[in-house]
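The values are calculated or read from the model by the stated rules, or taken from the named source; none is laboratory data. Because the structure is predicted, anything quoted here is derived from the model rather than measured. Cβ placement follows ideal geometry from the backbone for every residue including glycine, while neighbour counts extend to all protein chains displayed. Keep in mind that these areas ignore ligands, DNA and RNA; they rest on the heavy atoms of the full protein, side chains included. Shrake-Rupley method; radii C 1.70, N 1.55, O 1.52, S 1.80 Å.
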Amino acid sequence: MEELRIEENGNLGPIDSSRVPRFAGAATFARLPRLDQVARADVAIVGVPFDAGVSYRPGARFGANHVREASRLLRPYNPALDSSPFANAQVADAGDMAVNPFNIHEAIEAIQQDALDLTADGARLLTLGGDHTIALPLLRAASERAGEPVALLHFDAHLDTWDTYFGAEYTHGTPFRRAVEEGILDTEALSHVGTRGPLYGKRDLEDDRRFGFGIVTSSDVYYQGVREVVAKLRERIGARPLYVSVDIDVLDPAHAPGTGTPEAGGITSRELLEILRGLRGLNLVGADVVEVAPAYDDAEVTAVAASHVAYDLVTLMSELPAGGAR
């Protein structure tokens with residue numbers, strides 16, 4: 001069956017929804033071409049169906065396809081940024097990484113290698129999780145490609161800098177502690193945004209501060225406002241290569257019920273999107289959107305939010321130079 005796609009500036013774009021109904025056809029992200037349908041990709045979108053690192057509700061292994069399904073409604077022009085991401089750059093869906101669900105160490109190694117392969121020709125990578133464990137191998141790959149430690153902007157209800165769970169060093173609550181220990185993060189440019197909720201003790205915050213993280217809580221976003229928060233983040237990040245990691249539970253459960261460890265009092269989807277848009281022009285080398293768990297979602301509320309977060313991240317990436325993955 002012929003695919004009727006939009007093509008602009010030599011880039012193969014999404015299926016034309018004015019000629020093919022949005023609810024028909026394969027659910028790639030935003031109905032974009034698969035990686036094997038294009039000669040190169042400046043921005044590659046890949047799923048990682050892995051949730052063996054969760055400490056509470058499982059199900060994020062099904063998150064990537066849930067987000068893809070909700071992304072059918074995305075359109076080629078982003079008015080909030082006055083930008084056409086699929087015309088700016090060749091964007092393609094690279095499918096899913098095949099990782100071992102029974103061996104977390106093997107899975108981490110596979111994710112790192114797949115990320116390196118997808119970015120070998122200069123593409124920028126947006127990853128759909130999956131649980132937050134996957135951020136560690138993705139950061140390893142991003143740092144290796146950048147040739148230096150990267151700045152990290154981490155949106156989450158939680159710190160994810162704990163040491164171990166049940167003696168396990170690699171879980172969805174430990175990736176950024178491991179990343180600091182491995183020297184792949186620039187400790188002068190680390191930020192959490194949207195944190196809230198109970199902790200195990202005050203030492204959690206003391207450890208986090210010792211690692212170099214600055215914290216913008218969900219209450220800070222509310223009282224200070226988006227513009228002040230963005231200004232502080234941009235000053236902290238500067239010109240460094242930046243990796244953005246978005247745990248969807250940064251949003252209040254009213255905006256994202258479909259996640260494994262929800263916390264009350266989160267930011268809104270509008271606030272998250274506006275903060276992301278405020279990062280325009282920064283050297284965004286990679287990003288992920290994780291912890292979408294479809295079993296707890298209602299009417300695709302979480303998936304719709306996640307798909308728009310991913311769309312804005314793709315838009316930011318599309319405006320930056322890239323060599324392209326083949």
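Things to note:
- Qualifying position, being in contact (Cβ under 8 Å) with a residue 60 or more places away in the chain and open to solvent by less than 10 Å² (accessible area, probe 1.4 Å), among 13, 95: 13
- The residues listed here are 124, 140; of these, the one that is farther than 21 Å from residue 306 by Cβ and at pLDDT 95 or above is 140.
- Among residues of the range 187-200 that are in contact (Cβ under 8 Å) with a residue 60 or more places away in the chain, those with a Cβ under 6 angstrom from a residue that is surrounded by fewer than 15 Cβ atoms within 10 Å (Cβ to Cβ) and part of a loop (DSSP other than H, G, I, E, B), sequence gap 6+ or separate chain, pair up as 196/265.
- Exclusive hit being open to solvent by 10 Å² or more (accessible area, probe 1.4 Å) and either aromatic (Phe, Trp, Tyr) or part of a strand (DSSP E or B) (or both), set 285, 289: 285
- Some residue of the range 81-89 being assigned to a loop (DSSP other than H, G, I, E, B), at pLDDT 95 or above and of a type in the set (Asp, Glu): yes
- If only residues of the range 209-232 that are in contact with a strand residue (DSSP E or B) (Cβ under 6 Å, 6 or more places away or on another chain) and of a type outside the set (S, T, N, Q) are counted, the one that is farthest from residue 274 (Cα to Cα) is 212.
- All of 159, 128 fail the test of being within 20 Å of residue 51 (Cα to Cα), surrounded by fewer than 24 Cβ atoms within 10 Å (Cβ to Cβ) and in contact with a strand residue (DSSP E or B) (Cβ under 7 Å, 6 or more places away or on another chain), apart from 159.
A quick yes/no check of all residues on (1) over 23 Å from residue 312 (Cα atoms); (2) assigned to a strand (DSSP E or B):
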| position | (1), (2) |
| --- | --- |
| 122 | no, no |
| 134 | no, no |
| 140 | yes, no |
| 144 | yes, no |
| 151 | no, yes |
| 158 | no, no |
| 163 | yes, no |
| 172 | yes, no |
